[in-house]
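Inspection log for the structure reproduced underneath, given as structure tokens.
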Amino acid sequence: MSIPHTKRLSGHSDADVGLHALTDALLATCGAGDIGTHFPPSDPQWKGAASHIFLEHAARIVREAGGRIANADVTIICEAPKVGPHREAMTAALSTMLGIAPHRISIKATTNEKMGFIGREEGIAAIATASVIYPGEVPA
């Protein structure tokens, strides 16, 4: 989803760092590589691609491996824009992309306290985790 702001993100795809981080988190739950494994930036077909494609692909891989996504958590690290006013819409969008209930999704934000490239508003970052339940025993 697009959030109105005076600055734009620049990346090979649409540069949605939250969706990229969550894609990597889901792929990691089943040892399926990372976003670059599935959507290499060297491949021009992904130039400007919508990041929901990557996330939905990762969710499909998880499900094909027998996994059930229990929850997803995304933290956006930026000085601006504020995430709070958009949280409900972001949660609804993730719920649709992942096929899980909104109460299993957490989206939050923090600043970098004006430090580094994030603090200077030259970019943003994201951290994501996902809990996935797979059949069978949990290894010791």
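The values are calculated or read from the model by the stated rules, or taken from the named source; none is laboratory data. Quantities reported herein were computed from a predicted structural model and do not represent experimental measurements. A quick note on method: Cβ atoms are made from the backbone with ideal geometry, for glycine too, and the neighbour counts reach across all protein chains shown. Each accessible area value is taken on the protein alone, full model and side chains, heavy atoms only, with ligands, DNA and RNA left out. Shrake-Rupley method; radii C 1.70, N 1.55, O 1.52, S 1.80 Å.
Our helix-only sum for the chain, with -39,500 (n - 2.57) per DSSP H run of n ≥ 4 divided by its residues, gives a mean residue ellipticity at 222 nm of -9000 deg cm²/dmol. Rounded to the nearest 0.05, the FRET efficiency derived from the C-beta distance between A80 and D34 at R0 = 30 Å is 0.60. For the chain, the dipole from Cβ point charges (+1 on Lys and Arg, -1 on Asp and Glu) about the Cα centre works out to 300 debye, to the nearest 20.
One decimal place: the segment A49-S95 gains 14.5 nm when fully extended, by the rule 0.36 nm per residue minus the C-alpha distance.
The charge dipole of the range 50-94, taken about its Cα centre with unit charges on the Cβ atoms of Lys, Arg (+1), Asp and Glu (-1) only, comes to about 100 debye. Restricting the calculation to alpha carbons of the range 18-88 gives Rg and Dmax of 13.5, 39 angstrom.
At full extension, R63 and A140 could sit 25.4 nm farther apart than now, given 0.36 nm per residue minus the alpha carbon distance. Ranking A89, I118, W46 by how far each Cα lies toward the positive end of the dipole of the range 4-140 (charges on Cβ) leaves A89 at the top. Over all directions, the projected convex hull of the C-alpha atoms in the chain averages 9.4 nm² in area.
How much area per residue is accessible in the chain when the probe is 1.4 Å and only protein heavy atoms are counted (Å²)?
Accessible area per residue: 57 Å².
Length gained on full extension, A125 to S42, computed as 0.36 nm times the residue gap minus the Cα-Cα distance: 27.7 nm.
Just the protein heavy atoms count here, and of the accessible area of the range 66-108 at 1.4 Å, carbon and sulfur take up 57 percent.
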